[in-house]
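Reviewing the structure listed below.
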Amino acid sequence: MDRYNELVELINKANYEYYVLDNPETLTDQEYDNYIREIYVIEDEHPEWVRDDSPTKKIGGEILDKFEKVTHKIPMMSLADVFNEDEIREFDARIKKEGINPEYVCELKIDGLSVSLRYEDGKLVTGATRGDGVVGEDITHNVKTIKQVPLKLSSDISIEVRGEIYMSKATLERLNKERELNGEPLLKNCRNAAAGSVRQLDSSVAAKRGLEVWIYHLPDPEDYGIDTHLDSLKFMEDLGFRVNPNNRKVKNIDEVLDFIEEMGEKRESLPYDIDGVVIKVDNLDDHEKLGNTIRYPKWACAYKFPAQVVQTKLKDIKFTVGRTGQVTPNAILEPVMVMGSLISKATLHNEEYCLTKDIRIGDTVRIIKAGDVIPRVESVVMENRNDTQPRFVMPDTCPMCGSTLIKKDSNYYCVNDNCDKKDIESLIHFASRDTMNIEGLGDAIIEDFYNLGYLKTIPDIYKLYNYTEDLKLLEGFGNKSINNLLDSIEASKANSLEKLLFAIGIRHIGKKTAKIIAKHYKNIDSLINTDEETLTNIRDVGDIIAKSVIEYFNNSKNIEMINELKKLGLNMEYLGEEERTDTFFSGKTFVLTGTLPTMSRDEAKAIIESLGGNVSGSVSKKTDVVIAGEATGSKYTKAIELGITIWDEEKFKEMIG
């Protein structure tokens, strides 16, 4: 057993040098391989000796049925975003307004997935995702496969640390070459690949993905006698955690801006993706003094790099039909890399967007990823145009079924109830995560099932069990995957009413509006029997939404579908919590305008909603209070005209206590 313990300690030290310090000194590659083999032999012969921190635990192989929930002892808050020099200086000014002369620590904002690691007596016990900040998912089985995550610390200490799991650019390239050879779909970018890998139930999949981690936050530094954030980074590094070396303590906001500029220039040469720079007040006593909002710490912010703009050729414009029948133009592009993703398509929104920007097939166009996620055509490079490109023309018939399109507002719609594409998109929307959340019923599978005749209408989803034997004949459908799909379909029957209202595809009814309506009516029969006037009296439900709801339930086919879903056992009741009625804010509508001195609009909105209020984007007679900051515009003027109560930030803070 002494030899086994000696080997485990030796290999763990070598792993720390290689994966954390990036400075292998202890062993040659050949020695490392020989000692690993010896550990395997010993563990096979003496399974009772296997240690929790054995390097063989990094290989993976544990398979879970589902992810358990983990409640964070200290919430994992997100950071307030800033996008330019003015906003960075405003952040600095808010700190100084509290009587603090701050020094900052600047760190890279790694583009990956946040993780919490908890240790007891120096041993890893839990790895969890951020989730909603309060409750995350237990991903310990996958975290253990990441070579930079120590299974045992250099001290028998109980501690929680937080960081970012990511995939390097080189690893993504290697995996995609392998996937291309195997005929598998390519991973889109490093961030998505890392997030998808971490959420695998089979840890052997995560182990093969070559994930890495940087640790950057100690939630309770005061427990360890630490006074500054920079000292906490050094403390965690000494325990065996991998801390990114690209951090810097700076004396003032000008040095922060210098760091941002320097990292912006280095961004493309880094072996991993970053999307900004995190700025933190260094002194931890100042953290306590500044405190937190509901969502963000006031002592830190995240500067986001501007979205990258690239040029490429617009090869064609294709028109797609959505679930509501809306026909949308889409740009088919010469493939181009934008922020780590290969982009070949982008939405062109509608006819007005194309005509206003004068977008034509054959143009050279500028592509931007809005929020680093959604690609869009930003503008045309006019100097490259040779006037042979035809002007954009919206079709007058449906590209799928040939029916005449009807224009409503700025958009065109196919009103043919028998349009296949519209039916497919409706099914896809119904099963998606934000609606009924039916796992295993993705876009491609729905289209296949539609073409095979298994799914034609929404109620058909709940009759798929009739095709169990047929599904077994399809590639990729074994007993387990079929049972999982049917279980997910069955579970979706219990969803609250707002999920169903969003899922059935009523025009203009999004996630938020569906919940407002469900809260008010409590069940679908009450909604079906309502009238337009009653609907418009609900806060945040205007004339357009009300008309759309009435039109939907006046259609006999829609009522037939609802009745069929009832018979199939779907819940038609609102199951959510009752709206709070114990604060001044409960049930009232607020509008934010201008720049608030010490908080962002998102922070103010979160506070209002947590107290039972609603936040609207426009001022109307239904508005109860307008909260005005500096540089107000037309909303402020309209509030005065309508005689609506106006608060400044000081009054707002007084009201929230």
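The values are calculated or read from the model by the stated rules, or taken from the named source; none is laboratory data. The structure displayed is predicted, hence computed values, not measured ones. Methodologically, a virtual Cβ is constructed for each residue, glycine included, from the backbone with ideal geometry; neighbour enumeration extends over all protein chains shown. Each accessible area value is taken on the protein alone, full model and side chains, heavy atoms only, with ligands, DNA and RNA left out. Shrake-Rupley method; radii C 1.70, N 1.55, O 1.52, S 1.80 Å.
Computed values, structure above
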quantity	calculated
Complete set of residues in the range 470-506 that are open to solvent by less than 50 Å² (accessible area, probe 1.4 Å) and closer than 30 Å to Asp543 by Cβ	Asn495, Ser496, Leu497, Glu498, Leu500, Leu501, Phe502, Ala503, Ile504, Gly505, Ile506
Helices (runs of 4 or more DSSP H) wholly inside the range 538-611 containing at least 2 residues that are open to solvent by 50 Å² or more (accessible area, probe 1.4 Å) and under 30 Å from Pro297 (Cα atoms)	601-610
Test: residue in the range 135-146 that is open to solvent by 70 Å² or more (accessible area, probe 1.4 Å), assigned to a loop (DSSP other than H, G, I, E, B), at pLDDT below 95 and closer than 24 Å to Arg209 by Cβ	no
Matching residues, the range 625-654, being under 32 Å from the mean Cα position of the chain (by Cα), open to solvent by less than 70 Å² (accessible area, probe 1.4 Å) and either farther than 18 Å from Thr293 by Cβ or among the aliphatic types (A, V, I, L, M) (or both)	Val625, Val626, Ile627, Ala628, Thr632, Gly633, Lys635
Residues of the range 102-115 classified as at pLDDT below 95 and in a loop (DSSP other than H, G, I, E, B), total	2
Residue within the range 417-429 that is more than 31 Å from the chain's Cα centre (by Cα) and open to solvent by 70 Å² or more (accessible area, probe 1.4 Å) present	yes
Unmet requirement for Glu87, which otherwise passes all of (1) outside any helix (DSSP H, G or I); (2) under 26 Å from Ile274 (Cα atoms); (3) at pLDDT 80 or above	(1)
Residues (in contact (Cβ under 8 Å) with a residue 24 or more places away in the chain and either open to solvent by 10 Å² or more (accessible area, probe 1.4 Å) or closer than 22 Å to Val278 by Cα (or both)) located in the range 115-127	Val115, Ser116, Leu117, Arg118, Glu120, Asp121, Lys123, Leu124, Thr126
Test set (1) under 19 Å from Pro55 (Cβ atoms); (2) basic (Lys, Arg); (3) free of Cβ contacts under 8 Å to residues at least 24 places away in the same chain - Arg179 fails condition number	(1)
Residue satisfying condition, being of a type in the set (S, T, N, Q), under 26 Å from the mean Cα position of the chain (by Cα) and open to solvent by less than 30 Å² (accessible area, probe 1.4 Å), within set Thr312, Thr320, Thr328, Thr324	Thr328
Considering residues of the range 282-327 that are among the aromatic types (Phe, Trp, Tyr) and in a strand (DSSP E or B) only, the residue farthest from Lys249 (Cα to Cα)	Phe319
Residue selected from the range 399-413 under the condition more than 16 Å from His349 (Cα to Cα) and open to solvent by less than 40 Å² (accessible area, probe 1.4 Å), by the criterion nearest to the chain's Cα centre (by Cα)	Leu405
Residues of the range 249-269 classified as of a type in the set (Lys, Arg) and assigned to a helix (DSSP H, G or I), total	2
Hits in the range 124-134 (condition: touching an Asp or Glu at 6+ places or on another chain (Cβ under 7 Å) and modelled with pLDDT of 95 or more)	Thr126
Residue in the range 445-467 that is outside any loop (DSSP other than H, G, I, E, B), of a type in the set (Gly, Ala, Ser) and either modelled with pLDDT of 95 or more or open to solvent by less than 40 Å² (accessible area, probe 1.4 Å) (or both) present	no
Considering residues of the range 345-366 that are open to solvent by less than 50 Å² (accessible area, probe 1.4 Å) and closer than 30 Å to Ser426 by Cβ only, the residue modelled with the lowest pLDDT	Thr347
Helices (runs of 4 or more DSSP H) wholly inside the range 148-248 containing at least 1 residues that are open to solvent by less than 10 Å² (accessible area, probe 1.4 Å) and among the β-branched types (Val, Ile, Thr)	190-198
